[in-house]
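Encoded as structure tokens, the structure appears first; notes follow it.
The values are calculated or read from the model by the stated rules, or taken from the named source; none is laboratory data. Everything numeric in this text was worked out from a predicted model, so none of it was measured. In this analysis, Cβ positions are derived from the backbone assuming ideal geometry, glycine residues included, and neighbour counts consider all displayed protein chains. SASA here: full protein model, heavy atoms, side chains in, ligands and nucleic acids out. Shrake-Rupley method; radii C 1.70, N 1.55, O 1.52, S 1.80 Å.
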Amino acid sequence: MAAGCGAIFLHLDSANPASRALAACMSAIGLRLLLHNADQDVSSVFGMLLAGLVTTLEAFAILAGIDWGRRIGRTGGAGMHWGIRVLFILSQVLVVVYWGLDLGYLLLAPAAAVAESADAIQLSGFEWALFAPVLGTALLLAGIAIAILAATRADRAESIRLRALQFAAPFLLAALVVRDDYAPVLLTIGLLIFLAGSVRYLVVQSRRGQFMSQFLSPEVVNLLRTQGVDLALQRERRVLSVVFCDLRGFTSFARTHDSGLVVQVLEQYYNVVGEVAAAYGGTVKDHAGDGVLILVGAPLPVADHEHRAAQLALEMCERGNLALESIAPGLGLGLGVATGNTTVGAIHGAGRLEYVAVGNPVNLAARLSDRAIAGEVLADMRTAEGIGPDAGIEALRRDPEPLKGFSDPIPVCALVVRQAPAAAAALA
């Protein structure tokens, strides 16, 4: 049962160092119990080797269990305090010392080392005096470190695993020293406690995944579900379109109005942005105050990303300004659209993964948004050229404009919805 649990954890989460340590601990416990029941005739070389293997597996199981707690403590981004690291290291050193004493005892007194006892605990008074101080101190130090981590770690899911280890470890360790009649009961109790904690950990992580999916576009969520995280986070260089939108007059509005109203305005604004972006396959990459960055073509590639980005920007401009009129008449929405080569994917930083988009189009879209007045959508020429003649969108060319961060003036055009001939004649 123990070895089977180890194999399951290794198969399901082999990339996780903590899960590998747990699998090693469980497997070592199972093999140790299996081999302990074998005939250990220490008068032969094979018997001595078998007894030495049982002793090694016992020490290895304890080492791996402590290492599992240590590796859990290293997850979550904050790392471990140096005092906790010292406690884990000292406990593992003492386990190695215990292993050496146990092997030495086997070599010096092999018959006594493997002798079965009628008592519940398979240790003599001499063995208690020899091994208990070393192993007990090791387990005490590891227990203190794990208790501190469980009490202070901010990550709730990791605390669940640590507490499961705290409550299961005494039963699992006791199964190594009690009489064979009692070992299965203690081992089963320990495994059930641990499995309960593991299931609870997975439930918490699943709820987190459901919650975090609200921050992704439906396309990204579908990609994660069908093809996995690795593909969604793969870093690559890709041609895509970037839409950047910003509120005109927001700084003064936030300074002169109640913060509750400001948050209400942002919430309404974000809702419109999210709905329109999802309708055209865009991914909301960042919210930075009143600025929102949207990618069209990442993480999922889109063939007509210029067309979609232009339609997205025009509809967002119309709906956003209409929504703002009802709650904040003094605000307006300006947008910038740019197309080009961009590197997208995940990077590691501050203990977490961040999906990034880096490239000239990101900067250009932001500068065009800064230049756009309320109700205006500005785009670069590459976006305008990729829209196509039948898109119902007209690109009105302007003189090249100097933009911050760009050495030469940038050719710019304003995007507008193309009017039908009848409507244009009526206006004329």
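Residues whose amide H falls under 5 Å from that of residue 239, counting only those 5 or more places apart or on a different chain, are 342, with hydrogens built in the peptide plane. Between the beta carbons of residue 325 and residue 286, assuming R0 = 35 Å, the FRET efficiency works out to 0.85 to the nearest 0.05.
Label sites at residue 137 and residue 15, each approximated as a point 7 angstrom past Cα along Cα to Cβ, lie 4.2 nm apart. Whole-Hz Karplus values for region 23-35 come out as 4, 5, 4, 5, 5, 5, 4, x, 5, 5, 5, 5, 6 Hz, taken residue by residue from phi with 6.51 cos²θ - 1.76 cosθ + 1.60 and θ = phi - 60°; glycine and proline positions read x. Its Cα gyration tensor gives region 230-275 an equivalent ellipsoid, and the semi-axes of that ellipsoid, as √(5λ) in whole Å with the largest first, are 33, 13, 10. Between residue 185 and residue 264, the modelled labels are 6.6 nm apart [label points 7 Å from Cα along Cα→Cβ]. Whole-Hz Karplus values for region 326-343 come out as 7, 10, 8, x, x, 9, x, 10, x, 10, x, 10, 9, 10, x, 6, 9, 8 Hz, taken residue by residue from phi with 6.51 cos²θ - 1.76 cosθ + 1.60 and θ = phi - 60°; glycine and proline positions read x. The solvent-accessible area of residue 318, taken with every protein chain present and a 1.4 Å probe, is close to 120 Å². Remark: spin-label model distance residue 418-residue 46 equals 8.8 nm, labels positioned 7 Å along the Cα→Cβ axis.
Surface calculation, 1.4 Å probe, protein heavy atoms: residue 285 sits at approximately 40 Å² accessible. What is the percent carbon and sulfur in the accessible area of region 1-52, measuring with a 1.4 Å probe over the protein chains and ignoring ligands? Solvent-exposed carbon and sulfur of region 1-52 make up 69 percent of the total. Working note: Karplus 6.51/-1.76/1.60 with θ = phi - 60° gives region 301-315 the couplings x, 10, 5, 9, 5, 5, 4, 5, 5, 5, 5, 4, 5, 5, 5 Hz, where Gly and Pro are set to x.
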